[in-house]
Amino acid sequence: MPIYLIRHGQSEFNAAHAGGGPDPMIFDAPLTDLGKQQALAAREQAATLGIQQVICTPLTRAIQTAKIIFDGIAPITVSLGPVEHLSHSCDMGRSPELLAAEFPDLRFDHLPPVWWHDGPKNANGVPEEPEHLFHARIARFRETLPSLHPRPLAIVGHCNTFRSLAGVEMRNCEIHRYQ
């Protein structure tokens, strides 16, 4: 049974950083209105896939995308496995308590207080996750995929995660069949 990868909808960071340039310093960026519309469109497509379980990261844009697409369709589980490579402000998370207050129907009690990479910080005060640690983390997550059930399964996540996991470049709310 297949696994589907779904990149989150457009975030406020994506919109502000579209042309590149300096980090706009939008921490744990939520979806824009366009991102919400993209997720609604993906909901129609996802409804035909028979998804039985959803895994999403604890970053707000992924949670919002997962909820828009799958609320009332399949249960959503928050997982650290496919978290984005921390290289910008948008990739820093929020505490499990803050996430639980905003998304009371999801569980965050399995997350440590600081669940994102917390190493040396760049000039903006953002801890940058070394590439080798990120790729090793994604490789460990890849190894868990055969044991994840029920199927079909959807993973709502991030550009760099899916590039490392499956070698694909994905647009916002694109759905890609992984297996």
Mind listing whichever residues of the stretch 92-121 are free of Cβ contacts under 8 Å to residues at least 60 places away in the same chain and surrounded by 19 or more Cβ atoms within 10 Å (Cβ to Cβ)?
-> PRO96, LEU99, PHE108, LEU111, TRP115, TRP116, HIS117
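Provide a single number: the residues in the stretch 151-177 that are of a type outside the set (A, V, I, L, M, F, W, C) and more than 17 Å from THR48 (Cβ to Cβ).
Count: 10.
Throughout, read-outs are computed from the coordinates displayed, never taken from laboratory work. Small disclaimer: the values here were computed from a predicted structure and weren't measured. Quick reminder, even Gly has a Cβ in these numbers, built from the backbone with ideal geometry, and neighbours come from all protein chains shown.
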